[in-house]
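Worksheet: the structure to be examined is printed underneath.
The values are calculated or read from the model by the stated rules, or taken from the named source; none is laboratory data. All figures in this text were calculated on a predicted structure; none of them were measured in a lab. Counting neighbours? That spans all protein chains shown, and the Cβs are built from the backbone with ideal geometry, glycine included.
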Amino acid sequence: MKNIEVCLTPALIDLYGVENKVVVVVDILRATSCMTTGLAHGVKSIIPVAGLEECRSLRNKGFIAAAERDGKMADGFDLGNSPFSYMDKSLVGKSVAMTTTNGTQAISKSGKAAEIIIGSFLNKTAVINYLLKQPNDILVLCAGWKGQVNLEDTLFAGALVEGMGKEFASENDSAMTAYTLYQAAKGDLSKFLSNSSHVCRLRKLNIIKDIEFCLQSDIYNIIPVLKKGELVKMEKNLESIAVK
């Protein structure tokens, strides 16, 4: 039987082999939600990079550049880390270089995986449908916050564990932890997360509508997948889902 494991923070990734696995990178608030939203709204590709200087270098080469640190847009860049900014029609057909505090760092640490895909509540069912059909073991990599565990990414990991049902086994307690938390939270994610660290951090920055948007399920039926260093829309046929 295939396995699903949950790595609660990239700081622990060395404890999990990524080779021959599909890695689902998760940064609910807000990087992977932005990536999913951008590709769903016509962005051609997103180039995730770990550092500000690399992102700035791509901007100097003519790419649109998005950079976020500590929840705020970094100075000297075109976009921050709000999913609403990725809905802009001017981005249709364009490639965006992107660096964030946590999400793009997690992607960079997953490079040896068989495949890297992007997960968010916004494309939850599409991700589950795909994972059920592919042949590899799964590692859900939660981006967390600066090496620490965060609640929203853990909840999404729990949603994936639930979605795998009896098709996948789990051998670590982090998957059980994520699943158990999600069972407690799924009736009202916003309420469950209301006092979580990153929600409080974003609230202090008056970033409220982003939180509400990113906690919605199944807005999009697409999956971003990393191909030759760029996130693009997966071309495989996905089962249709109800889109709000």
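Things to note:
- Restricting the stretch 151-172 to residues that are part of a helix (DSSP H, G or I) and hydrophobic (A, V, I, L, M, F, W, C), the residue that is farthest from Val199 (Cα to Cα): Met164
- In the stretch 48-87, the residues that are surrounded by fewer than 15 Cβ atoms within 10 Å (Cβ to Cβ), over 21 Å from the mean Cα position of the chain (by Cα) and not charged (D, E, K, R): Ser57, Asn60, Gly62, Gly76
- Taken together, the residues in the stretch 23-47 that are crowded, with 24+ Cβ neighbours inside 10 Å and either out of contact with any Lys or Arg (no Cβ under 8 Å at 6 or more places or on another chain) or not hydrophobic (A, V, I, L, M, F, W, C) (or both) amount to 17.
- Residue check for Ala126: modelled with pLDDT of 95 or more, touching a strand residue (DSSP E or B) at 6+ places or on another chain (Cβ under 6 Å), among the small types (Gly, Ala, Ser) and within 30 Å of Ile64 (Cα to Cα): no
- Selection status of Leu181, surrounded by fewer than 18 Cβ atoms within 10 Å (Cβ to Cβ), assigned to a helix (DSSP H, G or I) and in contact (Cβ under 8 Å) with a residue 24 or more places away in the chain: yes
- Subset of the stretch 185-234 (residues that are at positive phi and in contact with a helix residue (DSSP H, G or I) (Cβ under 6 Å, 6 or more places away or on another chain)): Asp218
- Test: residue in the stretch 83-105 that is at pLDDT 95 or above, within 12 Å of Arg30 (Cα to Cα), of a type in the set (Gly, Ala, Ser) and assigned to a strand (DSSP E or B): no
- Among residues of the stretch 133-155 that are in contact (Cβ under 8 Å) with a residue 60 or more places away in the chain, those with a beta-carbon under 9 Å from a residue that is among the basic types (Lys, Arg) and buried (at least 18 other Cβ atoms within 10 Å of the Cβ) at least six positions away or on a different chain give the pairs Asn136/Lys21; Asp137/Lys21; Ile138/Lys21; Leu139/Lys21; Leu141/Lys109.
- Pairs meeting the criteria (first residue in the stretch 52-64 and without any contact (Cβ under 8 Å) to a residue 24 or more places away in the chain, second residue outside any helix (DSSP H, G or I) and not polar (S, T, N, Q), beta carbons under 8 Å, at least 6 apart or on different chains) are Arg56/Ala65; Arg56/Ala67; Arg56/Gly76; Arg56/Phe77.
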